[in-house]
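Presented below is the structure to which this report refers.
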Amino acid sequence: MYAVFKDGGHQVRAAAGDSVEVERREAKPGDEIVFDQVLLVGGDESKIGNPTVAGAKVVAVVDGESRGPKLQGIRKRENNSSQTRFGHRQKYTTVTIKEIVAG
């Protein structure tokens, strides 16, 4: 059984036992997080939400935090010889999916 749930503007597909990265949260390792915006539950019988599946939820346990790749960019200004360099590195919370409740 797998589920597609929404977190922070992203859709994440996960099955029980998978380790996934979600938007950073203020949670310590070992804490439980419940994702209740489940868009689809798949398996033998698929349940598609409109927009979410009623009563479905995904329970996960926090493993820790991680960081994504560093992205660099340049902003140039027209008619000037000036530019600004910037960088960004996204922070994520790594969770392990404990169970999927179909609802």
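The values are calculated or read from the model by the stated rules, or taken from the named source; none is laboratory data. What you see is a predicted model, and the numbers here were worked out from it, not measured in a lab. In this analysis, Cβ positions are derived from the backbone assuming ideal geometry, glycine residues included, and neighbour counts consider all displayed protein chains.
Kindly evaluate ARG25 against the criterion of being assigned to a loop (DSSP other than H, G, I, E, B) and either buried (at least 16 other Cβ atoms within 10 Å of the Cβ) or in contact with a strand residue (DSSP E or B) (Cβ under 8 Å, 6 or more places away or on another chain) (or both).
yes
Considering only residues that are assigned to a loop (DSSP other than H, G, I, E, B) and not hydrophobic (A, V, I, L, M, F, W, C), look in region 1-22 and name the one that is farthest from THR96 (Cα to Cα).
Step one: filter region 1-22 for residues assigned to a loop (DSSP other than H, G, I, E, B), giving 1, 8-9, 16-18.
Subset that is not hydrophobic (A, V, I, L, M, F, W, C): 8-9, 17-18.
Details: GLY8: 17, GLY9: 20, GLY17: 6, ASP18: 6 Å.
Within region 1-22, the match that is farthest from THR96 (Cα to Cα) is GLY9.
Determine if region 16-39 includes at least one residue that is more than 16 Å from PHE5 (Cα to Cα) and without any contact (Cβ under 8 Å) to a residue 12 or more places away in the chain.
Yes, region 16-39 has at least one match.
For every residue, the table says whether it meets (1) closer than 15 Å to THR93 by Cβ; (2) modelled with pLDDT under 95.
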{"site": "GLU45", "(1), (2)": "no, yes"}
{"site": "GLY55", "(1), (2)": "no, yes"}
{"site": "VAL59", "(1), (2)": "yes, no"}
{"site": "LYS70", "(1), (2)": "no, no"}
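Would you please name the residue that is surrounded by the fewest Cβ atoms within 10 Å (Cβ to Cβ), looking only at residues in region 40-64 that are assigned to a loop (DSSP other than H, G, I, E, B) and in contact with a strand residue (DSSP E or B) (Cβ under 8 Å, 6 or more places away or on another chain)? Lay out the reasoning, then the answer.
So the first thing to find is which residues in region 40-64 are assigned to a loop (DSSP other than H, G, I, E, B), and the list is 43-46, 49-56.
Next, only the ones that are in contact with a strand residue (DSSP E or B) (Cβ under 8 Å, 6 or more places away or on another chain) stay: 43, 46, 49, 51-53, 55-56.
Numbers: GLY43: 12, SER46: 10, GLY49: 17, PRO51: 8, THR52: 17, VAL53: 23, GLY55: 11, ALA56: 21.
That would be PRO51.
Answer with yes or no whether VAL34 is loosely packed, with under 15 Cβ neighbours inside 10 Å and part of a strand (DSSP E or B). Don't jump to the end; show me each part of the working.
Numbers: loosely packed, with under 15 Cβ neighbours inside 10 Å: yes; part of a strand (DSSP E or B): yes.
Against the criterion (loosely packed, with under 15 Cβ neighbours inside 10 Å and part of a strand (DSSP E or B)), VAL34 qualifies.
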